[in-house]
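Before any comments, here is the structure.
The values are calculated or read from the model by the stated rules, or taken from the named source; none is laboratory data. This structure is a prediction, so every number in the text was calculated from the model and none was measured. Here the Cβ is made from the backbone with ideal geometry for all residues, glycine too, and neighbour counts use every protein chain on show. These accessible areas exclude ligands, DNA and RNA; they are computed on the full protein's heavy atoms, side chains included. Shrake-Rupley method; radii C 1.70, N 1.55, O 1.52, S 1.80 Å.
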Amino acid sequence: GAIRNKWPDLEVSLHLHDTRGTGMAAAFAGLQLGAIIAFDPARNSYTTRVPLSQAVGSHPYGSLMRASDGVMYGLTYTGGKADVGVVFRYLPTTDSYTILAHFNGTNGANPTYSRLIEAPRPPKRAR
C-alpha cells in the first residue's frame, strides 16, 4: 500500500482481542484492504486465511462472531457490488469465505461496528 511504499521500514503491529486464534485485521500487510488471519501465539506469528478486496468486501471493522456451529460471521465497511460493505460467512476448517449479502444503501451501508450476536433458532412447529 501507499504507507508501506512511503515508510518501508515501519513496523506494523496487530492488536487482536481474539483468544481463538482467528481474527480480522484492517491494518493487515501494510494497511491494504484487510484480511482474515490466524494468529499462532506459540510462534508469535500470523498467517493470511482470506485476503479481502473490493470485490469480496474490504476494510473490516469490529470482530468475527463465532456461531455455536463453529461458523464465523463478519461485516466489512467497503467493497461488494455497491462498494458500501458486505455481510460474510467464514468456515475456519476449510478457509471458505461466502458473501451472504451486499449492502446497497437501502439495506444498510458502511457498518462501522460489527458486534454480531447469534439469535436462538425458533422452535419447530408441529405439522
Looking at segment 113-120, can you tell me whether even one residue there is charged (D, E, K, R) and open to solvent by 80 Å² or more (accessible area, probe 1.4 Å)?
yes
Within segment 68-98, residues surrounded by 15 or more Cβ atoms within 10 Å (Cβ to Cβ), on the phi > 0 side of the Ramachandran plot and free of Cβ contacts under 8 Å to residues at least 40 places away in the same chain come out as 80, 83, 85
Of the conditions (1) farther than 15 Å from residue 52 by Cβ; (2) outside any loop (DSSP other than H, G, I, E, B); (3) open to solvent by 40 Å² or more (accessible area, probe 1.4 Å); (4) aliphatic (A, V, I, L, M), the single one that residue 101 does not satisfy is (3)
The strands (runs of 3 or more DSSP E) lying wholly within segment 41-87 that contain at least 3 residues that are closer than 15 Å to residue 112 by Cβ and touching a strand residue (DSSP E or B) at 6+ places or on another chain (Cβ under 6 Å) are 58-60, 72-78
